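The values are calculated or read from the model by the stated rules, or taken from the named source; none is laboratory data. In this text, all values refer to a predicted model and were calculated from it rather than measured experimentally. No Cβ is skipped: glycine too gets one built from the backbone with ideal geometry, and neighbour counts run over all protein chains shown.
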Amino acid sequence: MSVLRNPWGKPRFLAVMTGGYIIWSVLPVLIAIGFAFNDGRSRTTWQGFSTRWFTGETGSVLHDPALRDALGHTLLLAVICVAVATPLGVALALGLQRWRGRGSGTVNGLMLLPLVTPEIVMGVALLLLFLQVFGGIGLGTDAQAIGQITFTLSYVVVIVRGRLVSIGPEFEEAAADLGAPRRDQFFRVLLPLLAPAIVASAAVAFATSIDDFVVTQYLSSDASTTTVSMLLYSSARGAPTPALNAIATVNLMITLLTLAFAYLVYRRFAGRDEATAVATLEV
Amino acid sequence: MSGSRWTWRLVALPGVAWLSVFFLVAFYTVLAVAFGNQDTLSQPVPHWNPLDWNVGYVSEMLDNFWHGGPFWTVSLRTIQFVALAVLLSLLIGYPVAYFTAMHAGRWKGAILLALILPLWINYLMRMLAWINLLAPDGVGSDVLHSVGIEDLFLSIGLLDEPGGWLNGQPVTVILALLYGYIPFFILPLFVAIDRIDRRQIDAARDLGASPASAFFRVTLPLSWAGILAGAVLIALPMFGDYYTADLVSASTQTNMIGNQIDEFMRQGSEKVTGAALTLLLSTFLLALMFYYLRTTRRAGTAAEV
C-alpha cells in the first residue's frame, strides 16, 4: 500500500529535493564558519587554517575590545532576560492555567500577541515608550533587557503551559487526598514535575535573547550597548576581517549548546515527543 | 491544588502587569504619537487623550498611498517581495515537508533535526553567510558564474552587472527572504502533513483514485491548514523586515515598508511619520491575521461537520 500511496511516482525526486534543500540551508553557514578559521584577512579566499580570529593577539574575538564587549553585552542581556522572564513566565503560566473564568481569555490573548507581532512594530512601540513615557529609564541596557523580557515571556508561558497540560491535576489531587498541605502540594509535587519545562523555557529564553536583533537594536543607546547581532548587521557589508565570522561562530555555539542541554534535560524527564515539541516551539 | 479563584489571579498578576505596561501601553504610545503633533525640532508631542487626536499625519500618509506616492510604491514592492518569497517557500517547502512526513522512514528524526537547525542559527549570521558567498570574489558568485546562472539572470534582466548580486538587486532580496524564512514555513507544514491519517489516502486509492488525484483531492486539501499557517507565520515578520534588504542590497531601490519605518524612526528624525506608518502596517497585518483566523475557524467547523 505504501507504493500506491505515493502520487509523485518514485519518491526519489522528493528525496533529492529534500537533500538539496538541507544542503542549501546549512552549507552557506558551514562555509561562513569555515572562514572564521581562515589564516588570512579574507572572508572569501581560503588562506590556511588558524584560530587567530578567535584568540590571536590583535583583532580577535578575545582581544578586540569592540568584539569582546559586544559578546559580553549579549551575554549580560541574556542572563538578565532569563532571570526575569523565567519566574515571571512560570507564574503567569500557572495563573493562566488554573484561573478559570472572567478575564483569563483576554489575558491569554494578550500573552500570545507578542508572538505574532512583527518585531519592528514592537521595536517602534518600545522605543517610543522609553522616549515618551519612561524617559527616566531611557534607552540602553535596562530598556534592551525589558524589551527582550517582554517577548521571551510568551515563549516561557507557552512551554510551561504545555507541560502543565500534560501533567494534569491528578498528582496534586493525590497529594491533597493524602493530606499534604497546599504548600507541599506545590513545592514537593508540582514544582519538581514542572522542573524540566522550567529549564527548557529558561534555555529558550536565553537563546532567543542572544539571537534577538530588532528590539535590541531599537532600544540601544551607544556603542557600549552593541550586541553580537547588532555588530553583524552593522559590519557585514563593510570590509571586516574573519573575526566577524568568528564572533558569529562563538554566538552560534553558545545558542546550540544551550538548546542541546535543554533538549537533553527535557527528554530525560518529560519524554522525547514533548522535547521535540519544545525544540520546534510547536507546543 | 484547589485554592481560591483569587490566588491564581494573584499569581498571574505580575506577568499581566508586565505585558500591560510594556506591550499595551507601548502600543498605545504609537497611537498617541501617530495621532499627535511634533515640535519645532520635529520631536513627537504625543496626544494621549483620543479626543485631542490629530489625524493629520495618518491621513497625509493615506493620501500618499491613494495617489500613488512613494509609500504606495514601497508598499506595492513589499507585497510583491513577500508574495514571491512565500510562493517560492511553498514550491520548495511543500515537497520537503511532504517527503519528511510521508517517506523519510528511519531518516525522519535526522531530517527533522536538519530542518529545525536553521531556526536556531542567528538570522543575521545566515545573511552574513550569503554576503560572504555573493561578494564579487565570493565562492557563491564563482559558482553562479560557472554554471551559467549569472549569464541567464543577466540576459533576462534580473541582474544588472556581472558579480553585482549584492548591489540593489530585487531578486537577491527575494531569495534572501526565502532563505531566511523558509524554515519557519516548513515546520508547521510538516506537522500538518504528518497528522494526516494515511488511511484516508489509502481509501481514495482503493476507491480508484489515481495517485495524482488522490494527492490533489485528499492530501493537498488536508494539508491546506498547514500551508496557510506557515504562510502567515512567515508573511507577518517579512512585512516588518528591514535588515534583509539592508544587508543583501543596501539600496533604496529595494526598500520595503520596514526600511521606510526604520529610516523614519531610528536613522532620521521623523518619528511621527514613522509612528503613523507603523500604525498602518499593524492595521494591515491585524486584518491579515483576522482573515487567517476566520478562515481556519471556518475550515475547522467544516471538518467537524
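Sub-7 Å Cβ pairs linking a first residue in the range B:273-295 that is within 11 Å of chain A (Cβ to nearest Cβ) and surrounded by fewer than 24 Cβ atoms within 10 Å (Cβ to Cβ) to a second residue that is not β-branched (Val, Ile, Thr) and not in a helix (DSSP H, G or I), at least 6 apart or interchain, are B:Leu281/B:Gly240; B:Leu285/A:Pro118, ordered by first then second residue. Of the helices (runs of 4 or more DSSP H) entirely within the range B:112-224, those holding at least 2 residues that are within 24 Å of the chain's Cα centre (by Cα) and within 30 Å of B:Asn255 (Cα to Cα) occupy B:123-134, B:170-195.
The residue list B:Val147, B:Val86, B:Val139 contains one member that is among the β-branched types (Val, Ile, Thr) and within 7 Å of chain A (Cβ to nearest Cβ), which is B:Val139. Close Cβ contacts (under 8 Å, 6 or more residues apart or on different chains) running from residues in the range A:112-140 that are more than 21 Å from A:Ser221 (Cβ to Cβ) to residues that are at pLDDT below 90 comprise A:Val116/B:Met289.
Only one of (1) assigned to a helix (DSSP H, G or I); (2) within 14 Å of another protein chain (Cβ to nearest Cβ); (3) surrounded by 13 or more Cβ atoms within 10 Å (Cβ to Cβ) fails for B:Trp72. Which number is that? With (1) assigned to a helix (DSSP H, G or I); (2) within 14 Å of another protein chain (Cβ to nearest Cβ); (3) surrounded by 13 or more Cβ atoms within 10 Å (Cβ to Cβ) applied to B:Trp72, the lone miss is (2). Among the residues making up the range B:9-22, those that are over 28 Å from the mean Cα position of the chain (by Cα), closer than 15 Å to A:Pro87 by Cα and either at pLDDT below 85 or facing chain A (nearest Cβ under 8 Å) (or both) are B:Leu10, B:Val11, B:Ala12, B:Leu13, B:Pro14.
Taking the options A:Leu164, A:Leu127, name whichever one is assigned to a helix (DSSP H, G or I) and farther than 30 Å from B:Ser269 by Cα. The conditions single out A:Leu164.
Please verify whether A:Phe187 is farther than 25 Å from B:Met125 by Cα, more than 8 Å from chain B (Cβ to nearest Cβ) and crowded, with 23+ Cβ neighbours inside 10 Å, treating the condition exactly as stated. Working first, answer last.
Numbers: farther than 25 Å from B:Met125 by Cα: yes; more than 8 Å from chain B (Cβ to nearest Cβ): yes; crowded, with 23+ Cβ neighbours inside 10 Å: no.
No, not satisfied.
Hey, could you check the range A:44-97 for residues that are acidic (Asp, Glu) and outside any helix (DSSP H, G or I) and say which is farthest from A:Thr152 (Cα to Cα)?
We begin by selecting, within the range A:44-97, every residue acidic (Asp, Glu); these are A:57, A:64, A:69.
Okay, now just the ones that are also outside any helix (DSSP H, G or I), so A:57, A:64.
Values: A:Glu57: 37, A:Asp64: 30 Å.
So the residue we want is A:Glu57.
Set side by side, the residues B:Leu189, B:Leu177 differ, and just one is touching a Leu at 6+ places or on another chain (Cβ under 9 Å), within 25 Å of A:Val124 (Cα to Cα) and buried (at least 21 other Cβ atoms within 10 Å of the Cβ), which is B:Leu177. Listed conditions (1) away from every other protein chain (no Cβ under 12 Å); (2) over 27 Å from B:Leu279 (Cβ atoms); (3) surrounded by 24 or more Cβ atoms within 10 Å (Cβ to Cβ) are all met by A:Thr74, apart from (1).
Looking only at the range A:90-111, filter to residues that are over 25 Å from B:Ile234 (Cβ atoms) and in contact (Cβ under 8 Å) with a residue 24 or more places away in the chain; which one of those is nearest to the chain's Cα centre (by Cα)? Write out each step before concluding.
From the range A:90-111, those over 25 Å from B:Ile234 (Cβ atoms) are A:90-107; that's our starting set.
Going one step further and asking which of them are in contact (Cβ under 8 Å) with a residue 24 or more places away in the chain, we end up with A:90, A:92-94, A:96-97.
Numbers: A:Val90: 16, A:Leu92: 19, A:Ala93: 18, A:Leu94: 21, A:Leu96: 23, A:Gln97: 23 Å.
Applying the filter and picking the extreme gives A:Val90.
For the range A:227-283, the set of residues classified as polar (S, T, N, Q), touching a helix residue (DSSP H, G or I) at 6+ places or on another chain (Cβ under 8 Å) and at pLDDT 80 or above consists of A:Thr227, A:Ser229, A:Ser235, A:Thr241, A:Asn245, A:Thr249, A:Asn251, A:Thr255, A:Thr258, listed by residue number. When the range B:23-59 is limited to residues that are touching a residue at least 40 places away in the same chain (Cβ under 8 Å) and farther than 30 Å from A:Leu153 by Cβ, the one that is surrounded by the most Cβ atoms within 10 Å (Cβ to Cβ) turns out to be B:Tyr57. Would the range A:33-43 turn up any residue that is within 8 Å of chain B (Cβ to nearest Cβ), touching a residue at least 12 places away in the same chain (Cβ under 8 Å), within 29 Å of the chain's Cα centre (by Cα) and assigned to a helix (DSSP H, G or I)? There is at least one residue in the range A:33-43 that is within 8 Å of chain B (Cβ to nearest Cβ), touching a residue at least 12 places away in the same chain (Cβ under 8 Å), within 29 Å of the chain's Cα centre (by Cα) and assigned to a helix (DSSP H, G or I).
When the residues of the range A:235-257 are filtered to those that are under 27 Å from A:Ile198 (Cβ atoms), at the interface with chain B (Cβ under 9 Å from one of its Cβ atoms) and in contact (Cβ under 8 Å) with a residue 12 or more places away in the chain, which remaining residue is nearest to the chain's Cα centre (by Cα)? Quick ask: steps written out before the conclusion?
Within the range A:235-257, the subset under 27 Å from A:Ile198 (Cβ atoms) is A:250-257.
From the residues that got through so far, the ones that are at the interface with chain B (Cβ under 9 Å from one of its Cβ atoms) too are A:251-252, A:255-256.
Retained after the next criterion (residues that are in contact (Cβ under 8 Å) with a residue 12 or more places away in the chain): A:251-252, A:255.
On the way: A:Asn251: 12, A:Leu252: 11, A:Thr255: 8 Å.
The extreme case among them is A:Thr255.
In the range A:87-103, the condition of being under 30 Å from B:Asp39 (Cα atoms) and of a type outside the set (Ser, Thr, Tyr) is met by no residue. For the range A:114-152, the set of residues classified as under 18 Å from the mean Cα position of the chain (by Cα), crowded, with 17+ Cβ neighbours inside 10 Å and at the interface with chain B (Cβ under 9 Å from one of its Cβ atoms) consists of A:Pro114, A:Thr117, A:Pro118, A:Glu119, A:Ile120, A:Met122, A:Gly123, A:Ile146, A:Gly147, A:Ile149, A:Thr150, A:Phe151, listed by residue number. Checking the range A:194-201 against the condition returns no match, with no residue being not acidic (Asp, Glu) and not in a helix (DSSP H, G or I). The single condition among (1) of a type outside the set (D, E, K, R); (2) in contact with a Phe, Trp or Tyr (Cβ under 8 Å, 6 or more places away or on another chain); (3) under 21 Å from A:Asn251 (Cβ atoms) that A:Leu75 does not meet is (2). Could you tell me how many of the residues in the range B:89-116 are touching a residue at least 60 places away in the same chain (Cβ under 8 Å) and either within 9 Å of chain A (Cβ to nearest Cβ) or of a type outside the set (Ser, Thr, Tyr) (or both)? Total satisfying the criteria: 12. The set of residues from the range A:190-223 being surrounded by fewer than 17 Cβ atoms within 10 Å (Cβ to Cβ) and either modelled with pLDDT under 90 or of a type in the set (Lys, Arg) (or both) comprises A:Leu191, A:Pro192, A:Ala195, A:Asp222, A:Ala223.
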